[in-house]
1. Of the residues in the range 136-159, how many are over 19 Å from ALA112 (Cα atoms), open to solvent by 10 Å² or more (accessible area, probe 1.4 Å) and not in a loop (DSSP other than H, G, I, E, B)?
2. Considering only the range 88-135, state which residues are under 20 Å from ILE177 (Cβ atoms), among the β-branched types (Val, Ile, Thr) and open to solvent by less than 20 Å² (accessible area, probe 1.4 Å).
3. List pairs: first residue in the range 91-104 and farther than 13 Å from LEU27 by Cβ and among the polar types (S, T, N, Q), second residue in a helix (DSSP H, G or I) and open to solvent by 60 Å² or more (accessible area, probe 1.4 Å) anywhere in the structure, Cβ distance under 6 angstrom, at least six positions apart or on different chains.
4. Conditions first: (1) open to solvent by 10 Å² or more (accessible area, probe 1.4 Å); (2) more than 25 Å from HIS292 (Cβ to Cβ); (3) not charged (D, E, K, R). TYR162 passes all but one, so which condition is the exception?
5. Among the residues that make up the range 18-39, is at least one of them under 30 Å from LYS207 (Cα atoms) and not in a helix (DSSP H, G or I)?
6. Across the range 1-48, which residue is most open to solvent (accessible area, probe 1.4 Å) among those that are within 24 Å of ALA198 (Cα to Cα) and of a type in the set (D, E, K, R)?
7. Among strands (runs of 3 or more DSSP E) lying entirely in the range 176-282, which contain 2 or more residues that are of a type in the set (Gly, Ala, Ser)?
Amino acid sequence: MVQRVLLASPRGYCAGVERAVDTVEQLLDLHGPPVYVRKQIVHNAHVVRDLEARGAIFVEDEREVPEGKTVVLSAHGVAPEVYANAVARGLNTIDATCPLVSKVHVQARRYAADGYTILLIGHAGHEEVVGTMGEAPASTILVQSVEDAEALDLPADARVAYITQTTLSVDETGEIIQALRRRFPAIRAPKKEDICYATSNRQWAVKDLLGEVDLLLVIGSRNSSNSNRLVEVARAHGVAAHLIDDETDIEPAWLDDAETVGLTSGASAPEKLVERVCDWFRARGVEEISAHRLVDLAYQSAAAGGRPVPCDPSPG
């Protein structure tokens, strides 16, 4: 029987997600509905439904937006052709791309202009990867695993550079980078790591929590890359973990052998969902619900190989 719930710190909304959601909310406040949004503004079903209820209209393609209307581009970034399509339709384009994603796009353009083959570490089909590859499609190769890195058909002295999706597993990405460095000793690297600090901070927080819990619940939608990575981090360390959209996804059988449950949320999950899960446990007699100690910079720096990892303004 569950005796206590420990809340990871930090967790939940990152600055880029908060900025993107605020953009849509402010447009709705200022101009009223409808406000068109290309793709999901962030990867969370609750956030999307709440915005839809206020009058946001989510479309899969910018060419679905009526000519001359306003369209918001999601936090994940888009390929240059999306901007071109928007201009051709006379759309008023509001760019809510996360600044850290924009940084990766700039890197891709610079590497391509300098004649490098770009090795993009990321997941096929993810909106961020689609947008980044669109910056230099003829120069970019997607690398999803160590096996992909080993299988690259390029000479050892090829002019190559790597960039990464911002929401990856720190550990798995590190293994891929090591493989690329073995194969291409002169490979160019970003001056600062591309995995965003909100993603890495939440992974360090989960690692710090795992020694004290029997089960980890991660609040986040199925298409949220950073939320899925939190589940993978726990399982890689031998702790059972499940991804849930909200309390209605919790299977009672998961709790049979769990005395202490860890709870965290992905960078696109609002804090109100954490509160709902906590209320779910309280309704079942769990009285001890507390925040786990905040992961500090010294721990993160050591875990990141000595690199400083800045904090971000997230709940918890």
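The values are calculated or read from the model by the stated rules, or taken from the named source; none is laboratory data. These figures come from a predicted structure and were not determined experimentally. Backbone-built Cβ (ideal geometry, glycine too); neighbour counts: all protein chains shown. For accessibility, only protein heavy atoms count, side chains too; no ligands or nucleic acids. Shrake-Rupley method; radii C 1.70, N 1.55, O 1.52, S 1.80 Å.
1. Residues flagged as over 19 Å from ALA112 (Cα atoms), open to solvent by 10 Å² or more (accessible area, probe 1.4 Å) and not in a loop (DSSP other than H, G, I, E, B) within the range 136-159 amount to 5.
2. Across the range 88-135, the qualifying residues are VAL101, VAL104, ILE118, ILE121, VAL129, THR132.
3. Close Cβ pairs satisfying both conditions: none exist.
4. (1)
5. Checked against the condition, which is being under 30 Å from LYS207 (Cα atoms) and not in a helix (DSSP H, G or I), the range 18-39 yields no hits at all.
6. Selected residue: ARG19.
7. Answer list for the range 176-282: 240-244, 260-265.
Yes or no, residue by residue, for (1) at pLDDT 95 or above; (2) among the charged types (D, E, K, R):
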residue	(1), (2)
LYS192	no, yes
ARG229	yes, yes
TRP254	yes, no
GLY262	yes, no
TRP280	yes, no
